[in-house]
Amino acid sequence: MSKLIYLDNAATTQVYPEVLQEMLPYFSEVYSNPSAIYSFASESKKAVDKARTSVAELINAKTDEIYFTGGGSESDNWALKATADAYASKGKHIITSTIEHHAILHTCAYLEKKGFEITYVNVDENGKVKLDELEAAIRPDTILISIMTANNEIGTIQPVREIGRIAHEHGVLFHTDAVQAFGHIPIDVDEMNIDMLSASGHKINGPKGIGVMYIRKGVKILSFIHGGAQERKRRAGTLNVPGIVGIGKAAEIAKNTMAERSAKEISLRDHLIDRILTEIPYVRLNGDRHDRLPNNVNVCFRYIEGESMLILLDQGTKLWALGSLKPIHSMTVVDGFLDLTFVENRGVAFGMLSGQRWLILVLTGVIAGALIYFYRTLPKKKAYLPLRAALLLVLSGAVGNIIDRVCRGYVVDFFEFTFFDWPVFNVADIYVVAGVILMVLLIVFVLKDEDLDLKKKKDE
């Protein structure tokens, strides 16, 4: 019997049984609107108040400084957009880092289109924000600094206390995206000089679809969602009582178990890191060795490129086909839909150029060379990552089939759709088709003419 070993708790966590049990009555028994004035609603209101207190205690905030949202992304959007609106008369400059979650980076991109200026501070080799660069970026018109508490990918914990101190010394508000750190490491909003904080329930064994926004008293930001007077007139919408109860219980458990849980996680984390670094060559630990989340391990394997892995996957499946399929020729996977059928393809699709090995090699080589040239000329910007990925797929597929033609004189194909007449194909062909489709979609619907003017982009 197989046993699941789940290693993606940084993405989301299983809901604790205690949390689920606490939530259940508020779906079917105590289902009233906590904002209503009749007696039945009071039970829901009490539950919301209790959860708000639990969350506040976890970060040493006041109860009335806690607001419930639909998730961490909403809280991030609220912090940035509402601050931009409320403090635009003072200035339109915001500082963040290059490694923030997309909920911050995409919101900053939106604000840039609205006339705000964003400074993206760099990080050092361990993923820590460069404090000197951050302080140097502050201007008279700076209204907000937003730096995450801990990185969601490499786990590096930022010097939040120092960042908050710098912000306050210059009269600038400080927001931190604490989604990944909330409930995992101690957070004290007073000691850390935090004015606003975003958090989420599903990272601490609570439910999805519920988040937290901490707003220090005196911070003059307005509503982000309009329509009602909920959450002290700052966030409209009927409260998600089961979700609020869930995050409240999860916060309570996190506070009571943090020390013991962190010690165990750090022990496991360090054991795994030590084993990987000592037993596997050419491995690098990403993020800070010590100032990192208890439950985070992130490594890279040097000298292994994405295209190499794609080609190896293609060649591995072909070797399997040669060993397992060639002797029996065909096997049914899904009757009437998919067979695995061994074919020595000495041409291209639909049998074209059959027997023209060297012509095919020359043509494929020319195409591969053109793809490599185009790939190398693309600007190294995030906007071009999807196009780079598409080119990588096509190139990997082309190289995978070139290897076959050089080494064997033919391409190993084995995927056959039996419900319609389509050539037998392989993994490399999947790369090519997927890459071409992605390129077409990007060129037609996403990229503009000026984006494709690579000479102009190079000059810039």
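The values are calculated or read from the model by the stated rules, or taken from the named source; none is laboratory data. Small disclaimer: the values here were computed from a predicted structure and weren't measured. Glycine also receives a Cβ, built like all others from the backbone with ideal geometry; neighbour counts cover every protein chain displayed.
Structure above, values below:
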quantity	calculated
2 or more residues assigned by TED's automatic domain parsing to the domain that holds residue 206 and at pLDDT below 95: qualifying helices (runs of 4 or more DSSP H) within the stretch 3-62	39-59
Test: residue in the stretch 406-423 that is of a type outside the set (Lys, Arg), out of contact with any strand residue (DSSP E or B) (no Cβ under 8 Å at 6 or more places or on another chain) and within 12 Å of residue 311 (Cβ to Cβ)	no
So residue 203, is it under 23 Å from the mean Cα position of the chain (by Cα) and assigned to a loop (DSSP other than H, G, I, E, B)	yes
Residue tally, condition among the small types (Gly, Ala, Ser), surrounded by fewer than 16 Cβ atoms within 10 Å (Cβ to Cβ) and in contact with a helix residue (DSSP H, G or I) (Cβ under 8 Å, 6 or more places away or on another chain), over the stretch 357-388	2
Scope the stretch 239-254; condition over 18 Å from residue 75 (Cβ atoms) and either acidic (Asp, Glu) or in a loop (DSSP other than H, G, I, E, B) (or both); matching residues	252
Residue in the stretch 186-197 that is of a type outside the set (D, E, K, R), modelled with pLDDT under 95 and assigned to a loop (DSSP other than H, G, I, E, B) present	no
Residue satisfying all of: in the stretch 415-431; assigned to a loop (DSSP other than H, G, I, E, B) and at pLDDT 90 or above; nearest to residue 320 (Cα to Cα) among these	426
Selection count where residues are surrounded by fewer than 17 Cβ atoms within 10 Å (Cβ to Cβ), over 20 Å from residue 89 (Cβ atoms) and within 29 Å of the chain's Cα centre (by Cα), scope the stretch 214-230	2
Qualifying residue in the stretch 281-297 (condition: part of a helix (DSSP H, G or I), within 23 Å of the chain's Cα centre (by Cα) and not assigned by TED's automatic domain parsing to the domain that holds residue 363)	no
Tally, over the stretch 355-375, of residues that are at pLDDT 75 or above and either touching a strand residue (DSSP E or B) at 6+ places or on another chain (Cβ under 7 Å) or not hydroxyl-bearing (Ser, Thr, Tyr) (or both)	11
One residue from 132, 64, 124 being over 19 Å from the mean Cα position of the chain (by Cα), closer than 30 Å to residue 25 by Cα and exposed (fewer than 14 other Cβ atoms within 10 Å of the Cβ)	64
Checking residue 126 against (1) touching a Gly at 6+ places or on another chain (Cβ under 7 Å); (2) of a type outside the set (A, V, I, L, M); (3) free of Cβ contacts under 8 Å to residues at least 60 places away in the same chain, the condition it does not meet	(3)
Which numbered condition residue 303 fails, given (1) touching a helix residue (DSSP H, G or I) at 6+ places or on another chain (Cβ under 7 Å); (2) part of a loop (DSSP other than H, G, I, E, B)	(1)
Test: residue in the stretch 143-163 that is over 20 Å from residue 183 (Cβ atoms), out of contact with any Cys (no Cβ under 8 Å at 6 or more places or on another chain), among the aliphatic types (A, V, I, L, M) and assigned to a loop (DSSP other than H, G, I, E, B)	no
Lone unmet requirement of (1) touching a strand residue (DSSP E or B) at 6+ places or on another chain (Cβ under 9 Å); (2) surrounded by fewer than 21 Cβ atoms within 10 Å (Cβ to Cβ); (3) in a helix (DSSP H, G or I) for residue 104	(2)
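Listed here are the residues, each with its yes/no results for (1) modelled with pLDDT of 90 or more; (2) loosely packed, with under 13 Cβ neighbours inside 10 Å; (3) of a type in the set (Asp, Glu).
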position: 249; (1), (2), (3): yes, no, no
position: 265; (1), (2), (3): yes, no, yes
position: 275; (1), (2), (3): yes, yes, no
position: 284; (1), (2), (3): yes, yes, no
position: 303; (1), (2), (3): no, yes, no
position: 307; (1), (2), (3): no, no, yes
position: 322; (1), (2), (3): yes, no, no
position: 328; (1), (2), (3): no, yes, no
